[in-house]
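Q: Mind having a look at this structure? Questions to follow.
The values are calculated or read from the model by the stated rules, or taken from the named source; none is laboratory data. Here the structure is a predicted model, which is why all the values come from computation and not from measurement. Methodologically, a virtual Cβ is constructed for each residue, glycine included, from the backbone with ideal geometry; neighbour enumeration extends over all protein chains shown.
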Amino acid sequence: MQRPSRFCFLYLCLFTGIILLTGGSSGPAILKKRYQIENNSSIFLKGTSNVNEFTCKCEERFGEQQVEAEQTDNHARFKNTELWVPIKKFNCKNSRIDADMQRALQAEKYPHIKITLIDCWQNNKCMNGRCADWFDVKANISISLSGATRKEIITARAKAIATNKFQLIGEKAVQMSAFGVTPPEAMFGMIKVNDWISLHFDLMVSLID
């Protein structure tokens, strides 16, 4: 069965703020929100090797999405929020790097990165856009990559820039070997990609309801 591929890696960081940005609650409440990630958003991966640096841009299009969560004050616990990220949607502008990364991540056997959003927090005073400046959001997630699963904490910065419109920025360092992935090599081992890669995002998000 074809998995949905409307999410690029670190879309999960959007969810760390999208529920809590739009209203507080004194008791538990199940909330459903629809939103649109605008085309001027940017998501990319940066890495280094022993000879150069490289950047891989996520080229997946951003469609309208919906998320469901149980919210209490500054905390939200998500329900059935699993993101399936197509590995081949990252374009490094270098066919050799693309092929090496896909081979290292076993893209043929595991074509998607599975991201499960568990819960998140935000400063309660920033509910309903009451923070004029940037504020922090944080989430617990699990990432399944190349057959291995790990729990991670993601942090981001968010800001309300207009009514029902928000910007979310941040980055996350990921160690490939922690997921059992051997960093790619080329030229008979003369060129080696470093174990740590960083994932960057700058998202413009409009709420639909």
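Q: Can you spot a residue in the range 85-102 that is free of Cβ contacts under 8 Å to residues at least 24 places away in the same chain and on the phi > 0 side of the Ramachandran plot?
A: No.
Q: Which members of the range 26-54 meet the condition of being of a type in the set (S, T, N, Q), modelled with pLDDT of 85 or more and assigned to a strand (DSSP E or B)?
A: Thr48, Ser49, listed by residue number.
Q: A follow-up question, please. When only residues in the range 163-196 that are among the β-branched types (Val, Ile, Thr) and at pLDDT 85 or above count, which is surrounded by the most Cβ atoms within 10 Å (Cβ to Cβ)?
A: By that ranking, first place goes to Val193.
Q: Ok, one more. Anything in the range 175-209 that is part of a strand (DSSP E or B) and within 18 Å of Ile97 (Cα to Cα)? List them, or say none.
A: Result: Gln175, Glu185, Ala186, Ile191, Lys192, Val193, Trp196, Ile197, Ser198, Leu199.
Q: So, one more: In the set Ile118, Ile154, which member is over 21 Å from Cys58 (Cα atoms), assigned to a strand (DSSP E or B) and under 16 Å from the mean Cα position of the chain (by Cα)?
A: On inspection, the qualifying residue turns out to be Ile118.
Q: How many residues are surrounded by 15 or more Cβ atoms within 10 Å (Cβ to Cβ) and either modelled with pLDDT of 80 or more or in a strand (DSSP E or B) (or both) if we restrict to the range 121-137?
A: 5
Q: Among the residues of the range 154-209, write down those that are among the charged types (D, E, K, R) and closer than 20 Å to Lys138 by Cα.
A: Result: Arg157, Lys159, Lys165, Glu171, Lys172, Asp202.
Q: Against the condition in a strand (DSSP E or B) and under 19 Å from Glu82 (Cβ atoms), how does Lys172 come out, does it pass?
A: For Lys172, the condition - in a strand (DSSP E or B) and under 19 Å from Glu82 (Cβ atoms) - is met.
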